[in-house]
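To start, the structure under review is shown below, and the notes come after it.
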Amino acid sequence: MTDKARIAPYSGPAGGWGSLRSVEERLLEEHRLASGNAVLLRQNKPAGYSCVSCSWAKPAEPRAFEYCENGAKATAWEITRKRVPRAFFAGHTIAALRGWTDQALEAEGRLLQPMRLDHAADRWVPVQWEEAFREIGRELRALDPRSTVFYASGRASLEASYMWGLFARLYGHNNLPDSSNMCHESTSVGLPEAIGAPVGTITLEDFARTDCILAFGQNVGSNSPRMLHPLQEAARRGVPILTFNPLRERGWERFTNPQSPREMLTGAETRIASRYHQVRAGGDSAAILGLCKALLEGDAAARAAGRPAWIDHGFVAEHTEGFEAFAAAARAAPWPELEARSGLARAALAETAAIYARSRAAIGLYGMGLTQHRKGVENVRMLVNLLLLRGNVGKPGAGVLPVRGHSNVQGQRTVGITEKPALVPLDRLAAQYGFAPPRETGMNTVEACEGIIAGRVRAFLGLGGNFLRAVPETAAMEAAWPRLRLTVQVATKLNRGHLFNGEVAFLLPCLGRIERDEQASGPQFVTCEDTMTKIHPSHGRVAPAGPRLRSEPAIIAGIAKATLPPNPRLPWDEWVGDYARVRDAIAATYPEAFHDFNARIARERGFHRPLPARQRVWKTQSGKAGFLTPPALDEDPDIDLRPPEVLQLITLRSNDQFNTTIYGYDDRFRGVRGSRMVLLLHREDAARRGLAEGALVALETAVEDGIRRRVEGFRVTAYDIPPGCCAAYYPECNPLIPLWHHAERSKVPAAKSVPVRIRPMPG
Ligand SMILES: Nc1nc2c(c(=O)[nH]1)N[C@H]1C(S)=C(S)[C@@H](COP(=O)(O)OP(=O)(O)OC[C@H]3O[C@@H](n4cnc5c(=O)[nH]c(N)nc54)[C@H](O)[C@@H]3O)O[C@H]1N2
Ligand SMILES: Nc1nc2c(c(=O)[nH]1)N[C@H]1C(S)=C(S)[C@@H](COP(=O)(O)OP(=O)(O)OC[C@H]3O[C@@H](n4cnc5c(=O)[nH]c(N)nc54)[C@H](O)[C@@H]3O)O[C@H]1N2
Ligand SMILES: [Mo]
């Protein structure tokens, strides 16, 4: 890994020429400069493929270039001309490859052939597909299904995901953790309680009608850059955009549309955020409580003076419960404590509350800055509280918007990838396929990790992703992993997770979504659900990376057939031959959302699944939307105001990565070049510790649980970040996160508030 960091503030906007240069560099790197641009024209188009990067919505009338810098990078990464050469695995032992960086492993290119681990030689060796399936089936049949875990990273299509979940239940378990367990699970727990729906209520059209946007803990410029277009349009209409983020992320500051010749030539930038609050990490609940308190105070004053109310009392009375208790708690919360915990001044919060109070329809959007905390679920509920006070759910231009991660992570849940049996129509599955589905709750990601460390889990099958690198507690996880009996990874590229394997291990290469998928009935397409509950098709158009690759549905069917007893109601081969038959099966299991699936996807080229909360129908226990009374402020374990030497570490994504996939070592918007091993720190926090700019340090986790967690080799970098907080990159920092340090109610690892101490290093 390089440690030649060059840090200089980046003066450009999000988008702009830097963005175009970055895309061209990436296409060049993947030897795809000429053809790559042609492929990109198909991205997010009705007859094209759906971007493999984030889950941001696709407009009904797409722009000529409906892609962004990072979507283009993700495309280049998948359609790369680089292939792992046949001789590669003969020439490299697993032990040697463990010394490689994440970036170097994936830079070898696409995996081409199924492989089996040869332990004696410590190498991956080629295997025939049918032999691999047979042996996996034999192993699974010998194991207790409840001791096995079937993980899914959020990219697989609705068709593949449905088959994966069904296979797990037919085999006998609900151990279906997915990447969402490390991501928006705080949303999936919090929103159903609050509004009776596990997903956001916003559609793309609402952006054109909103007159206020509140944005918490999301990095739009790097992680959902296409959202910059509706944000830019809103900003131009004068819509206030009120941003809460410890870091001044460039995407929230200003944007130049790289697809507008005029903006590119004139260098015109649009200011995005009208107020930028650098909240402390984990301080959002206090900040939002402050906003609510100010709203209640403003409401009392306005009504006393005979002016219009600040609270939508009619909505609150008709549609909500818990208002009085919540309002009492907000009124009682002392301002000095709210200020200390949020790091924001009362005056600033009150002024922002007043802006919000003047709006007719507001959107509250958020990302990992809210969900990845010990109080992640409460953070989500607090944001909903703020929206409910002014009736901002279930009317045009208003609503809550969790900005999801992986391109189909939300859809996977919709078709049954979940450890929670209550979320799946098990009775319908039972009738449809004639079996008794397992009823006991399965393991989520953290529980799967606990099971692996304890030896209770015996097999891990991964449908994509890089589980071992993405989860916390890296050292204990890597030590425990080889004790698994069976590990199977379905992947497109080699990653570190493929270097830790069970006694019996397979690495199975699959087609990516951008590639042509020919089956018995002809070319296939798949479907995905975006962050706005819209289901749309995705047609692969590029020649497959190699002749031996199989599609995810084909691989799942292969393993399932080798594992399960024959069942005439399960037409695995027919499903693989024609994905429309899988969609028929999905429609039969989930008729409310997917009735006439094939006809609608052909006719409408995409449809929204119904969401009662949009119509103010609340599928909660009480039938109303619920206010959450926040726990006492000093019960928040994220914000420990006591030991001054302890900092709160935020683990971040750079602009040059997709999760554990590291494209390169630059983070343009944050002015970091040439290294990922930087520690972003407030100038005073560095000075207080006698740390000069560029000093070499280690981080150690500041918890007393008998485990020493340490990562070495960061360069101290003065940065505009609230005092007491620091930031460094994920996944390099994952060894610092204790497995038990997770959102209390959703078990999302609390990756945005890890207590750490800095240790100077010689050199
Ligand atoms: N290019 C690219 N796109 C991606 C991804 C990628 O890695 N690369 N990953 C995809 C996935 S799976 C996901 S989940 C999303 C993730 O996208 P985001 O939700 O944007 O996640 P992060 O980049 O982890 O961090 C989000 C922001 O939270 C801020 N933050 C940290 N702590 C706090 C806090 O306590 N409060 C507040 N208010 N803010 C805080 C950080 O400064 C950062 O700007 O993006 C998806 N899209
Ligand atoms: N410290 C810290 N940890 C985090 C986070 C954080 O912010 N901080 N974020 C968390 C979040 S939000 C998430 S979503 C997880 C991400 O966790 P994962 O989803 O498990 O990880 P990815 O890095 O997205 O997976 C990358 C791998 O997926 C495989 N792949 C790519 N495309 C395909 C495909 O089409 N099919 C198949 N089968 N495989 C494919 C490739 O082999 C690639 O190496 O990490 C979590 N971990
Ligand atoms: Mo995610």
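The values are calculated or read from the model by the stated rules, or taken from the named source; none is laboratory data. Here the structure is a predicted model, which is why all the values come from computation and not from measurement. Backbone-built Cβ (ideal geometry, glycine too); neighbour counts: all protein chains shown. Just the protein is used for accessible areas: all its heavy atoms, side chains included, with ligands, DNA and RNA removed. Shrake-Rupley method; radii C 1.70, N 1.55, O 1.52, S 1.80 Å.
In the range 456-588, the DSSP beta bridges split such that about 35 percent are antiparallel, to the nearest 5. When only alpha carbons are used to place a centre, the range 360-428 and the range 249-303 end up 20 Å from one another. Distance between the 7 Å Cα→Cβ label points at residue 118 and residue 21: 4.7 nm. Within the same chain, lysines fewer than 8 places from residue 73 are excluded, and of the rest, those with a Cα less than 17 Å from its Cα are 82, 493. Straight-line reach from residue 534: which lysines have a Cα under 22 Å away, not including same-chain ones fewer than 8 places off? Reachable lysines: 45, 58, 395, 619. Largest first, the residues 236, 98 sort by 1.4 Å accessible area into 236, 98. Each label was represented as a point 7 Å from its Cα along the Cα-to-Cβ direction; for residue 33 and residue 428 these points are 5.2 nm apart. Counting only residues at least eight positions apart within a chain, or on another chain, the lysines with an alpha carbon under 16 Å from that of residue 420 are 747. Judged by the gyration tensor of its Cα atoms, with axes a ≥ b ≥ c, the range 639-763 is oblate; a/c meets the 1.5 cut and b/c is at least as large as a/b. Tally up the carbon and sulfur contribution to the accessible surface of the range 11-78 as a whole percent, 1.4 Å probe, everything protein left in place. After summing per-atom areas, the C and S share lands at 61 percent. Once backbone amide H atoms are built at 1.01 Å from N, residue 726 has 648, 649, 650 as its partners under 5 Å, excluding neighbours fewer than 5 places away on the same chain. For the range 704-710, 3J(HN,Hα) computed residue by residue from phi via the Karplus equation (6.51, -1.76, 1.60; θ = phi - 60°) reads 9, 10, x, 10, 8, 10, 8 Hz, glycine and proline entered as x. Shown for the chain are the DSSP H helices of 24 Å or more along their axis, judged by Cα atoms, with a mean Kyte-Doolittle hydropathy of at least 0.0: 284-304.
Sequence-ordered 3J(HN,Hα) estimates for the range 671-688 from the Karplus curve with 6.51, -1.76 and 1.60 and θ = phi - 60° stand at x, 9, 10, x, 7, 10, 8, 10, 10, 7, 9, 5, 3, 5, 5, 5, 4, 4 Hz, glycine and proline given as x.
Proximity of backbone amide H atoms, modeled 1.01 Å from N, is registered between residue 517 and 524, 540 at under 5 Å, excluding neighbours fewer than 5 places apart on the same chain. If one computes the Cα centroid of the range 473-496 and of the range 571-607, what distance in Å separates the two points? Going from one Cα centre to the other spans 34 Å. Residue by residue, the range 717-728 carries 3J(HN,Hα) couplings of 9, 5, 8, 7, 9, x, x, x, 10, 8, 9, 7 Hz when phi is fed to the Karplus relation 6.51 cos²θ - 1.76 cosθ + 1.60 (θ = phi - 60°); x denotes Gly or Pro.
Taking amide H as placed 1.01 Å from N in the peptide plane, residue 505 has its amide H under 5 Å from the amide H of 117, 487, each at least 5 places away in sequence or on another chain. The listed residues 262, 581, 496, once ranked by accessible area (1.4 Å probe) with the largest placed first, stand as 262, 581, 496.
Taking the 1.4 Å solvent-accessible surface of the range 647-760 as the whole, the part contributed by carbon and sulfur is 50%. Solvent-accessible area of the range 185-403 (1.4 angstrom probe, protein heavy atoms only): carbon and sulfur portion equals 53 percent. Taking the centroid of alpha carbons for each part, the range 114-190 and the range 23-51 are 30 Å apart. Placing dummy labels 7 Å off each Cα toward the beta-carbon, the span from residue 609 to residue 65 is 3.4 nm. Rolling a 1.4 Å probe across the protein heavy atoms gives the chain an accessible surface of 34 Å² per residue. Subtracting the Cα-Cα distance of residue 693 and residue 317 from their residue separation scaled by 0.36 nm leaves 129.8 nm. DSSP assigns beta bridges within the chain; of those with both partners inside it, close to 45 percent run antiparallel. Fully extending the segment from residue 567 to residue 271 would add 100.6 nm, taking 0.36 nm per residue of separation and subtracting the current Cα-Cα distance.
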